[in-house]
Amino acid sequence: MMASPPLRKIRLCFLSYANLSRMAMEVAAEFEAVAEIEFVDRAFDDAVAQAREREQAKAVDAFVSAGSNAALLKAALGAPVATIKVTGYDILVALRAARQLDRRVAIITYGDTIAELDAARALLDIEIAQRAYRTLQDARIAFDELVAQGFRVFIGSSIVVELAEAAGLRGILAYSPASVRQGFQDAVELARAAQRDAARYDQLNGVLHNLQEAVLAVDVNGVVIALNTPMERVLGQLRATVMGQRLDEVHPLLSLTDTLASRAEERQRVTQIDRREWLVNRTLMRERGEVVGAMVTLYDATTIEQADTALRTQRRSRQHPSARWHFDQLQGDSVAFERARASARRFATSGKTILITGESGTGKELFAQAVHNASARSDRPFLAINCAAVPETLLESELFGYEEGAFSGSRKGGKVGLLEAAHTGTLFLDEIGDMPVLLQTRLLRVLQEREVVRVGGVMPVPVDVRVIAATNQPLDELVQSRRFRADLYYRLNILRLRLPPLRDRAADVQALAHAFVARSLRELGCRIPAQELLAPLAARLQAYRWPGNVRELENVCERMAVVFADRKQLSAAGYEDLAADCPELFVTAEGAGTAPGSAGVSAQAIADALAACNGSRAEAARRLGISRSTLWRRLKEGEAQAPG
Ligand SMILES: Nc1ncnc2c1ncn2[C@@H]1O[C@H](COP(=O)(O)OP(=O)(O)OP(=O)(O)O)[C@@H](O)[C@H]1O
C-alpha cells in the first residue's frame with residue numbers, strides 16, 4: 001500500500017512586542033512537530049508591512065498576534081490570522097501578582113474594558129482603574145492619565161508593559177501561556193482549513209480549466225478562489241495576480257457581492273465588456289446546503305448565436321430538404337433566359353430582398369433556390385412556403401409560430417414559425433399575392449423590425465432572414481385594388497427578377513425537352529435515345545405556346561417517356577398513343593394554348609381534368625401542367641364568378 005504523503009509543516013508567523021514574544025517562544029517549543037514559527041517583534045503599521053511581505057511571498061500559512069496588532073492584521077491580510085485573547089482567568093492571575101506590588105492597579109486593555117472586574121475588585125480588596133485603547137496614541141494617553149493619578153502597577157498587553165517599564169514602573173503582561181497556546185492552536189487549525197480550501201480550489205480550478213466559458217469563483221467574502229484561462233483573457237490579468245483579490249476590485253462589472261448578499265441567482269444577463277457582448281450567469285456555490293461562495297460564468301454571445309444557428313439548421317435539415325438547385329443546373333441558354341440568370345446571379349450576392357415575377361411554371365422557386373445557394377447564406381436554411389396553398393389560419397402560425405396555449409389544440413411548448421426557423425437563411429414566399437392582408441401587415445413588421453412575435457406571444461425574437469417573394473399575379477394591380485399593401489409591395493420590390501414565359505424563349509424548348517425526356521427514360525430503365533424520340537416532335541414542341549411553361553413541358557415529356565417505355569421501342573403506334581395522351585401537342589396551331597385564365601388554362605379544361613382524375617386536384621394540376629396552387633386559385637375564382 002502506498003503511504004500518504006507526510007503533511008507539510010505549517011508555517012506560522014508570530015507578530016508582537018518583545019514581552020509577549022518572549023512568553024510565546026517558550027510555548028512555541030510545544031508546536032515544533034507541526035509548525036515552523038517565526039517571531040517578528042513589530043507592532044501597528046510596521047507589523048502590517050512585515051506581514052504583507054510574507055503573505056505576498058507565500059511564506060506563511062497563518063499569522064498569530066494579539067490585541068490591536070491582531071485587529072490590524074485581520075483587516076489588512078487575506079491570509080488567516082489567529083488572535084491571542086485575554087481570558088478572565090488570565091486577568092485574575094495577573095491581579096494576584098499585581099496585588100503583591102501595590103493595592104492600586106491599572107488595567108489597560110485593547111478594545112473594551114472588562115465589566116466583570118468590578119466583582120473581582122471587592123473579592124481581592126484592591127483599587128482597580130480600567131482603560132481601553134485602539135491605537136498606540138490612545139494607549140499612551142490612557143497610560144499618562146493613570147500615571148498622573150498615581151498608579152504604579154499596570155496590567156495589559158505588550159505595549160502597556162513596555163510603556164510601564166520605560167517609565168520605571170511595573171508592568172504585568174495580561175496574557176498567560178495558556179492563552180498563547182490557544183492562539184497557536186487556533187492558528188494551526190486555521191492554516192489547516194486554508195490548506196484544505198486551497199486543495200478544493202485547486203480541484204475547482206482543474207474543473208474550470210476544461211471549460212470553454214470564462215468562469216470565476218469567489219468565497220463568501222467575495223475573494224477570488226478560482227478562475228480559468230478564458231477568464232484570464234477576459235480580465236486581461238493572470239490567475240496569480242487575481243487569486244486572493246476581492247473581485248469587486250479586480251473587475252466591478254463581474255461583482256458577485258449582490259448575489260452573495262441577496263442569495264438570488266441570475267441567468268443570462270447581457271453585459272458588454274470591452275465592446276463585446278456576453279451572457280452572464282451568476283450562481284451560488286453550496287456545500288451541504290450552506291452557501292460557500294458564488295460563481296460568475298460568461299458565455300460569448302457570438303458563439304451562442306452560432307450554436308443557435310447550428311441547432312436550428314441541423315434540426316431543420318432533418319425535417320426539410322434544403323435548396324437543391326444551382327444556377328449551373330438550370331436548363332436554358334436563350335438570350336432571355338441568360339439575361340434572367342445573369343441578373344439573378346448579381347442579386348444573389350447583394351443579400352437584398354428579391355421579388356420574382358413570372359407565369360406559373362417558369363421556374364421561380366428554382367431561381368429562389370439558386371439565388372440562396374449562390375449567396376453568403378448558402379450553408380444556412382432555405383425554407384419555402386406557398387401562400388396560396390395554405391389556409392389563412394394555418395398560414396399565420398406556419399409563418400410566425402405560436403406560443404404554447406395560444407389556441408386550443410396548440411402544441412405543448414409552442415411551435416417555431418418559418419421566419420424563426422429560417423433565421424440566418426432564406427425564406428421563399430411563393431404566391432405572395434395570395435397572402436391575406438392581415439398577414440401582410442405582420443410580415444411587413446417582421447421585415448422592418450427584424451423580429452418575430454409568435455401568435456399568442458409577447459416577446460419578440462430577433463430574426464435575420466432574407467426574403468425572396470414570388471408572384472404570378474400583377475402585384476401593382478393588386479395594390480391598386482387594395483388587395484396588397486403598397487408598403488409591403490415597395491419593401492419586397494427592391495430587386496425585381498422577371499422570368500420570361502417559355503413561349504418567349506422558344507430556343508430553350510428543345511434543350512429542356514431533351515433533358516426531361518432523357519431523365520424520365522433513364523428513371524424508367526428505357527434505353528431509347530431521347531434525341532430520336534423527340535426528333536419527329538420538334539416542330540410541334542416549337543409551335544405549342546406552353547401556357548403552363550416549363551412545368552407543363554416537363555409533364556408532357558414525362559408522359560412521352562411513359563408511352564415509349566411501355567412499348568420498349570420507337571414506333572408509329574407510339575406516336576399515335578402520344579396524340580391521345582398529350583393532345584395539347586397535336587391541336588391545331590390556332591387553338592394552341594390560347595385558352596384564357598391567369599395560367600392560360602380554361603375553366604372547362606380544369607373541370608374536365610378534375611372529372612378525369614376523380615376529383616384529385618394534385619393529379620388534375622399535373623395533367624394540366626399547372627401548379628396545385630394555380631388550380632386552387634382558378635377554382636376559387638370560378639366559385640366567385642358562379643351565380644348565386
Ligand atoms: N430552367 C429550368 N431548368 C430545369 N427545370 C426547370 C427549369 N425551370 C423550371 N423547371 C421545372 O419546372 C417546374 C416548375 O418550376 P417552379 O416550381 O420553380 O416554377 P414556379 O414559377 O415557382 O411555379 P408556380 O408559380 O406555379 O409555383 C419545376 O419542377 C422544375 O423542375
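Among the residues of the stretch 333-363, just one is within 12 Å of the ligand (Cβ to nearest atom), assigned to a loop (DSSP other than H, G, I, E, B) and under 40 Å from the mean Cα position of the chain (by Cα), namely Gly363.
Taking (1) surrounded by 14 or more Cβ atoms within 10 Å (Cβ to Cβ); (2) of a type outside the set (Val, Ile, Thr); (3) closer than 30 Å to Ala79 by Cβ in turn, Arg131 satisfies each apart from (3).
Residues checked against (1) at pLDDT 95 or above; (2) open to solvent by less than 20 Å² (accessible area, probe 1.4 Å); (3) assigned by TED's automatic domain parsing to the domain that holds Leu383:
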| site | (1), (2), (3) |
| --- | --- |
| Thr309 | no, yes, no |
| Arg312 | no, no, no |
| Trp325 | no, no, yes |
| Gln331 | no, no, yes |
| Val335 | no, no, yes |
| Ser350 | no, no, yes |
| Ile356 | yes, yes, yes |
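Beta carbons closer than 7 Å, at least 6 apart along the sequence or on distinct chains, pair a first residue in the stretch 494-523 that is without any contact (Cβ under 8 Å) to a residue 60 or more places away in the chain with a second that is hydrophobic (A, V, I, L, M, F, W, C) and within 12 Å of the ligand (Cβ to nearest atom) for Val509/Leu502; Val509/Leu553; Ala513/Leu553; Ala513/Cys557; Phe516/Leu553; Phe516/Cys557; Val517/Cys557; Ser520/Cys557. Screening the candidates Lys9, Lys74, Lys58 for the property of being within 17 Å of Arg192 (Cα to Cα), surrounded by fewer than 18 Cβ atoms within 10 Å (Cβ to Cβ) and under 45 Å from the mean Cα position of the chain (by Cα) yields one hit, Lys58. The condition of being among the acidic types (Asp, Glu) and closer than 30 Å to Val467 by Cβ holds for only one of Asp504, Asp577, Asp566, that being Asp504. Kindly establish whether Val390 is assigned by TED's automatic domain parsing to the domain that holds Leu429, out of contact with any His (no Cβ under 8 Å at 6 or more places or on another chain), without any contact (Cβ under 8 Å) to a residue 12 or more places away in the chain and within 16 Å of the ligand (Cβ to nearest atom). For Val390, the condition - assigned by TED's automatic domain parsing to the domain that holds Leu429, out of contact with any His (no Cβ under 8 Å at 6 or more places or on another chain), without any contact (Cβ under 8 Å) to a residue 12 or more places away in the chain and within 16 Å of the ligand (Cβ to nearest atom) - is met.
So that you can scan it fast, the table gives a plain yes or no per residue for (1) crowded, with 16+ Cβ neighbours inside 10 Å; (2) of a type outside the set (Gly, Ala, Ser):
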{"residue": "Ala217", "(1), (2)": "yes, no"}
{"residue": "Asn221", "(1), (2)": "no, yes"}
{"residue": "Arg239", "(1), (2)": "yes, yes"}
{"residue": "Val242", "(1), (2)": "yes, yes"}
{"residue": "Leu247", "(1), (2)": "yes, yes"}
{"residue": "Pro252", "(1), (2)": "no, yes"}
{"residue": "Asp258", "(1), (2)": "no, yes"}
{"residue": "Ala264", "(1), (2)": "no, no"}
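Taking the conditions (1) at pLDDT 95 or above; (2) within 16 Å of the ligand (Cβ to nearest atom) in turn, Pro474 satisfies each one other than (1).
The values are calculated or read from the model by the stated rules, or taken from the named source; none is laboratory data. In this text, all values refer to a predicted model and were calculated from it rather than measured experimentally. Note: ideal-geometry Cβ built from the backbone for every residue, glycine included; neighbour counts use all protein chains shown. Heads up: the accessible areas ignore ligands, DNA and RNA and are worked out on the full protein's heavy atoms, side chains in. Shrake-Rupley method; radii C 1.70, N 1.55, O 1.52, S 1.80 Å.
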